[in-house]
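Below is one structure, written out as structure tokens; comments come after it.
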Amino acid sequence: MKELIDHIKKNEQTYIEELIEFLKIQSISAMPEHNDDMKKCAQFVSDKLKQAGLSRVEIFTTEGHPLVYGEWLGAPGKPTVLVYGHYDVQPVDPIELWENPPFEPVIKGRKIFARGATDDKGQLFMHVKSVEAYFKKYGSLPLNIKFLLEGEEEVGSINIEPFIKSHTDLLKCDTVLISDTSLYEKGVPTLTYALRGLSYMEIEVTGPNRDLHSGSFGGAVANPINVLSEIISKLHDKKGKITIPEFYKDVAVLTKAEKENIKRLHFSETKFAKDLGVAELQGEAGFNTLERIWARPTLDCNGIIGGFTGKGAKTVIPSKATAKISMRLVPNQEPNKIAKLFTKYIKSIAPKSVKVKVSFLHGGSPCMIPLTDKATISATKAMEKAFNKKIVYMREGGSIPIVNTFVKSLKASAVLMGLGLDSENLHSPNEHFDLNHFQLGIISSALFIDEYSK
Ligand code: BES
Ligand code: MN
Ligand code: MN
């Protein structure tokens, strides 16, 4: 493996130059005006898979953005690894807060800045390059490899789900390898063993049939914004618990081993609060910050729309108000079931003075990966070798909705070998990726292929 690692280190500059080309493509999945960029990006990724040495590469069109598939099955009898990642990125707004334009990548020190640098172009590219290095150095791989790269992760992975379910033979594998999560800390090899799921809801409250003068009518009819705020305020109690009946029923409790693992990490809540610029942290009573983020379900209002929001003042009682509310779920909560409980509860607390419509926008299941799995053991060895440090196991508060579908439909295990950092501004201005982690990720990927083939 020494020659392979040396080859990866020697080619760093080339890999970075190719990543820059990848990052220049404006593959924002949420914006229809970027549909052509999505196609261009799928083509770019597919060209890179061919260049890496895969024997079959195909772009599958969907009702949304294309899926890119690739395979090399030249190691019969050996395990098969399926690499999953996403080539789509989040919108760039607020654009004025970017120090450099989001699609004109720049390198400052050992960091590359661009939308998608860490989430997820930089991370998925690590696996493309490790496979390429393998073929360049040895002419073959010690196991079989498949890639399935999607362009809709940031908009809820709608079309990949039926594709997986209807292509289980094509995608058949022993484990799914994913780099789309974070390291616990800079330079610390990390494997994530659980992700939170999601139920994303919208509440629309309608009061009077038109906007009203707040002087002529104020005090006589329910104000939809006031009512909506009241509804939102009733969703948590004083101890930070969510009040929806039966909400916690399926929540898996933290095991003693998990609690001890968290203690050993010596997470500093003071540093965390200071970094976020808040005087005090808050959350569900009885749990520390990492437990709250990793292992407890939460409910947050993500946006609220209604009334007059322009400059200055306007005296009005609006006819409508809307709130976007997401709930992060943990094993074994189910997004559909939670959406139903939410809807029922909101309807039950809404006053008769307004009409309330509740919609389920999208969801994703949580997932939990056993640490005893063969693929996890191989990934542990690979990352410990690459970083020359002991592994940290952690859970993740964010979601990758499709992981659970892979595991269930393909009866495969999963490895969450994320090389990002929570501080790398994913979904936010000045997103970046640490180039040391980029190289360590390519090496970890190569070492994983070696370990898992044994
Ligand atoms: N890569 C992230 C998931 C993630 C977030 C990993 C934070 C590590 C830290 C993924 O691309 C993402 O943004 N997921 C969305 C899913 C949603 C759009 C369904 C999320 O978690 O909000
Ligand atoms: Mn991602
Ligand atoms: Mn994302």
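The values are calculated or read from the model by the stated rules, or taken from the named source; none is laboratory data. What you are looking at is a predicted structure, and each value in this text was computed from that prediction instead of being measured. Positions of Cβ are backbone-derived with ideal geometry, glycine not excepted, and every protein chain shown enters the neighbour counts. Quick note on the areas: whole protein, heavy atoms, side chains included, nothing else; ligands and nucleic acids left out. Shrake-Rupley method; radii C 1.70, N 1.55, O 1.52, S 1.80 Å.
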* Exactly one condition in (1) modelled with pLDDT of 95 or more; (2) within 15 Å of ligand 2 (Cβ to nearest atom) is not met by Ser445; state its number. => (2)
* To do: Return the total of residues in segment 177-228 being of a type in the set (Lys, Arg) and within 16 Å of ligand 2 (Cβ to nearest atom).
  => 1
* To do: Might you check whether a residue that is within 11 Å of ligand 1 (Cβ to nearest atom) and either open to solvent by 10 Å² or more (accessible area, probe 1.4 Å) or assigned to a loop (DSSP other than H, G, I, E, B) (or both) occurs anywhere in segment 401-412?
  => yes
* Structure fact -> Every listed condition ((1) in contact (Cβ under 8 Å) with a residue 60 or more places away in the chain; (2) within 16 Å of ligand 3 (Cβ to nearest atom)) holds for Leu97 save (2)
* Structure fact -> When every residue in segment 105-123 that is in contact with a Phe, Trp or Tyr (Cβ under 7 Å, 6 or more places away or on another chain) and among the hydrophobic types (A, V, I, L, M, F, W, C) is compared, the one nearest to ligand 1 (Cβ to nearest atom) is Ala117
* Scan segment 22-41 for residues that are surrounded by 14 or more Cβ atoms within 10 Å (Cβ to Cβ) and either part of a strand (DSSP E or B) or without any contact (Cβ under 8 Å) to a residue 12 or more places away in the chain (or both) and report the count. => 2
* Asked: Looking only at segment 227-251, which residues are of a type in the set (Ser, Thr, Tyr) and not in a helix (DSSP H, G or I)?
  -> Thr243, Tyr248
* To do: Working only within segment 179-196, note down all residues that are in contact with a Gly (Cβ under 8 Å, 6 or more places away or on another chain) and more than 9 Å from ligand 1 (Cβ to nearest atom).
  => Ser179, Leu183, Thr190
* Select from segment 128-167 the residues that are touching a helix residue (DSSP H, G or I) at 6+ places or on another chain (Cβ under 7 Å) and open to solvent by 50 Å² or more (accessible area, probe 1.4 Å) and list them in ascending order. => Lys136, Lys137, Glu161, Lys165
* Working carefully through the options Val81, Val57, find the one that is of a type in the set (A, V, I, L, M), buried (at least 18 other Cβ atoms within 10 Å of the Cβ) and within 21 Å of the chain's Cα centre (by Cα). => Val81
* From the set of residues in segment 360-379 that are of a type in the set (S, T, N, Q) and over 19 Å from Ser157 (Cβ atoms), which is surrounded by the fewest Cβ atoms within 10 Å (Cβ to Cβ)? -> Thr372
* Condition test on Phe44, is it part of a helix (DSSP H, G or I) and of a type outside the set (A, V, I, L, M)? -> yes
* Structure fact -> Restricted to segment 413-430 and to residues being open to solvent by 40 Å² or more (accessible area, probe 1.4 Å) and outside any loop (DSSP other than H, G, I, E, B), the residue nearest to Ser179 (Cα to Cα) is Asp422
